[in-house]
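Visitor: Just passing along the structure, written as structure tokens.
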Amino acid sequence: MKKFIIIFISILIFITIASIILYFFIFTDKYNNENANTNLTNTEIINTNNYDISLENLPLGFSIEDAINNNCFVCGYDKNYNEEKLNTFISNIENKIPSSLRLAFSTPEGDVILKELVLENGNIIFREDYRRDEFSSKEDRIIKESSFPINDYRIVEDFLGDTKYIYLENRNKDFNSRVFICSCYNNLEYNNNFQLIFKGRRDMGIDTIIEKGTYLDYNVYSFAGDVFVKIDNVEIPLKDAIINNQIDPQDIVNNCTLDVKENKNNVVFNEANDGGTRKYRYDLASPEPYSIIKCHTLDGNRDLYIGPPNMEFDGSTVDWLYYN
């Protein structure tokens with residue numbers, strides 16, 4: 001009997017010791033896995049080129065440098081990184097090809113904000129990660145998520161000088177449907193392949209050169225005159241040049257912005273307080289002086305007007321455009 005008790009106790013001790021050893025290994029392995037998910041090294045992040053690591057599992061120490069190496073589109077104040085990722089994603093959205101884009105930018109205080117767009121199952125999933133923004137309230141330091149049907153929404157780019165704004169916009173609604181994604185640096189370069197020519201005609205009012213939606217997201221108008229461009233010493237109407245893809249109207253605006261920035265071509269510039277409408281006056285242009293007004297109003301007017309040097313814009317509709 002005593003021998004049986006000894007054997008029984010020995011078995012219990014063996015089972016207890018084995019259980020403790022097994023628990024130790026399981027706990028250690030679980031701890032290591034959890035720790036790997038919450039304390040990822042930069043090396044591990046760099047090797048994930050397709051966002052294999054979810055927003056939730058990225059470390060709170062995730063930096064702008066990590067974002068660049070992780071193939072995020074990084075929105076800068078004077079330079080963007082991996083911008084081809086943005087362009088590819090916009091193309092995929094238009095063609096309804098499932099894909100994803102992760103964006104990163106820093107606040108003025110240097111904190112990192114991450115955002116993510118994913119096209120899947122017929123919806124654009126928009127996620128915003130504010131957990132690293134130390135200057136926001138504690139309850140706002142979360143990941144927010146919204147969903148938009150791909151059949152109804154697209155991505156649009158809006159330009160104001162050397163800043164580019166990116167939005168989600170309802171295809172069938174107006175400017176007020178826009179959902180802000182981010183702003184970033186807009187790299188401008190002179191297009192010196194054309195010369196803008198204005199020929200005033202007092203018998204003319206407002207004439208539509210290109211309508212919104214045909215070639216771009218705003219209307220282009222002439223006022224009190226005709227607009228031409230000279231390309232390779234050949235003078236052609238601006239409308240024909242746009243239709244034939246010889247000139248992008250945004251090049252006209254970009255050239256104006258650079259003229260102001262670099263103090264060239266005797267441009268006189270002023271900006272309205274209606275959201276950013278800008279007027280560029282070229283009093284010494286040849287053969288005739290002219291002005292360019294690029295609307296950027298709070299109600300969504302982005303139209304472009306080319307007219308005489310004393311052309312003005314007062315409001316958000318063409319009814320308030322006048323010529324004295």
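The values are calculated or read from the model by the stated rules, or taken from the named source; none is laboratory data. Note that this is a predicted model, so its numbers are computed, not measured. A quick note on method: Cβ atoms are made from the backbone with ideal geometry, for glycine too, and the neighbour counts reach across all protein chains shown.
Visitor: Scan segment 258-279 for residues that are among the basic types (Lys, Arg) and surrounded by fewer than 14 Cβ atoms within 10 Å (Cβ to Cβ) and jot them down.
Guide: Hits for segment 258-279 are 261, 264.
Visitor: Can you tell me which of (1) in a strand (DSSP E or B); (2) at positive phi is the one residue 213 doesn't meet?
Guide: (1)
Visitor: Scan segment 270-277 and give yes if some residue there is at pLDDT below 95 and touching a Cys at 6+ places or on another chain (Cβ under 6 Å), otherwise no.
Guide: Yes: segment 270-277 contains one or more residues that are at pLDDT below 95 and touching a Cys at 6+ places or on another chain (Cβ under 6 Å).
Visitor: Also, quick follow-up: Restricting attention to segment 160-188, and to residues there that are in a strand (DSSP E or B) and more than 10 Å from the chain's Cα centre (by Cα), which single residue is farthest from residue 122 (Cα to Cα)?
Guide: Taking the candidates together, the pick is 160.
Visitor: Something else: Taking segment 223-242 only, how many residues are surrounded by 14 or more Cβ atoms within 10 Å (Cβ to Cβ) and over 20 Å from residue 291 (Cβ atoms)?
Guide: Matching residues across segment 223-242 total 2.
Visitor: OK, next. Looking at segment 130-187 only, could you name the residues that are under 19 Å from residue 81 (Cα atoms) and of a type in the set (Ser, Thr, Tyr)?
Guide: 163, 165, 167, 183, 185
Visitor: Let me ask another. Test of understanding: among 303, 299, 314, 319, which residue is modelled with pLDDT under 95, buried (at least 20 other Cβ atoms within 10 Å of the Cβ) and under 30 Å from residue 178 (Cα atoms)?
Guide: 303
Visitor: Another question about this same structure. Which of the residues spanning segment 224-240 are farther than 10 Å from residue 196 by Cβ and touching a residue at least 40 places away in the same chain (Cβ under 8 Å)?
Guide: Passing the criteria: 224, 225.
Visitor: When both residues are 6+ apart or on different chains and their Cβ atoms are under 7 Å apart, which pairs have a first residue that lies in segment 98-112 and is within 15 Å of residue 184 (Cα to Cα), and a second that is modelled with pLDDT under 90?
Guide: Pairs found: 102/51; 107/135.
Visitor: Confirm whether residue 269 is touching a residue at least 40 places away in the same chain (Cβ under 8 Å) and in a strand (DSSP E or B).
Guide: no
Visitor: Of 83, 169, 116, 157, which residue is surrounded by 13 or more Cβ atoms within 10 Å (Cβ to Cβ), at pLDDT 95 or above, not assigned by TED's automatic domain parsing to the domain that holds residue 303 and not hydroxyl-bearing (Ser, Thr, Tyr)?
Guide: Every option except 116 fails the conditions.
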